[in-house]
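The values are calculated or read from the model by the stated rules, or taken from the named source; none is laboratory data. Just so it is clear, the model here is predicted, and its values are computed rather than measured. With ideal geometry, Cβ positions are generated from the backbone for all residues, glycine too; neighbour counts draw on all protein chains shown. Areas reflect the complete protein model, heavy atoms only, side chains present, ligands, DNA and RNA absent. Shrake-Rupley method; radii C 1.70, N 1.55, O 1.52, S 1.80 Å.
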Amino acid sequence: MKEILKKAQKEHYAVGAFNFSTAEILKAIVAAAKELKSPIIAATSEGEGKFFGWREAVAMVEVWRHATGLPIILNLDHGKSLAMIKKVVAAGYNAVHFDGSGLPYAQNLTETCDVVKYIREVEKTFDRQIIVEGELGYLRGASSLHKEKLEIKESDLTSPEQALDFVERTGVDSLAIVIGNAHGVFKAGEEKLHLRRLAEIKEAVGDKVFLVLHGGSGIPAGDVKKAIELGIVKVNINTELRLAYKAGLDKELAEHPDETTPYKLLESSFEEVKKVVEEKIKLFGSENKV
Ligand code: 13P
């Protein structure tokens, strides 16, 4: 599993982490990856995983791995406690993101260290490989369409010195950083990345950690491309998939108000989500990397 991100780091592309909460969204993500021969990360937040079922998500991803031969990592997105991490690890997830970014720095350090210690024990005892991601900086927003203007303060951004300290003291495999990114799509004012800050963070941490860009929806493509050139190896996408899903469903319901067959009603959603994933895979440069 870690090899998937190592290869991306070495060859300067990024692997997309796409959130799902229903079977047809996962199917659309996998279909796009299969067509473009791309490795992918399928992700559930705590809420999405609870809705889908943790073991059910593991089983479904396993089926898709067998059916397609693709490297697919199943990741918990924004786990907020060690108890939650333990739950998904027991279910069989391959990657966990512990988000302690809302905690004071010392507490984030301590709690992330506890998570890493637990994961390393599981890896040793059960001969498994599990990727652990930590987070530093204040990531604003939520994965939806926002009417208000996005304002990111200098103090929200991840500090390069703290990033190095955090990576060395916790031993995380990946680090989510804040460089102007935010969750969601903002109608007023786009998300502009602070690429200089990213370069400084990369300079500080080198190849010790996989750098992760959350809030990938709504960031101009040119900025995402440059961020990948500067060292981002995982980009998280959720809101654009949600918007595509809803647009597809709205269209079907408007055009066929009497339709009652779920697989017909969901056909457009499937196609719209697949289209977004294809675009992102091409943008991230992970096409033909399996
Ligand atoms: P977006 O909803 O902005 O795409 O962010 C997704 C994300 O970062 C999941 O962790």
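Odds and ends about this structure:
- Per residue, in Å², the accessible surface of segment 49-89 once ligands and nucleic acids are set aside, probe 1.4 Å: 49
- Other residues with beta-carbon under 12 Å from the beta-carbon of D114 carry, at +1 per Lys or Arg and -1 per Asp or Glu, a net charge of +1.
- Which listed pairs, of K34/K86; K153/K226; K37/K192; K80/K234; K2/K280, have C-alpha distances above 27 Å, in listed order: K34/K86; K37/K192
- Portion, in percent, of the accessible area of the chain that falls on carbon or sulfur, probe 1.4 Å: 54
- Given charges at beta-carbon only (K, R positive; D, E negative), |dipole| of the chain in Debye: 460
- Think of the chain as a dipole: +1 on every Lys or Arg Cβ, -1 on every Asp or Glu Cβ, centred on the Cα centre; then among T125, H66, L243, T125 lies furthest on the positive end.
- Label-point separation in nm, A254 to E161, each point 7 Å along Cα→Cβ: 5.4
- Charged side chains reduced to their Cβ positions (Lys and Arg at +1, Asp and Glu at -1) give segment 1-112 a dipole of some 280 debye around its Cα centre.
- The chain - mean residue ellipticity at 222 nm from DSSP helices (-39,500 (n - 2.57) per run, n ≥ 4, rounded to 500): -16000 deg cm²/dmol
- Remark: relative contact order (segment 28-82) = 49 percent; criterion is Cα-Cα distance under 8 angstrom and separation of 6 or more residues.
- Percent of Cα pairs exceeding the 32 Å cut-off, where the set is the chain: 20
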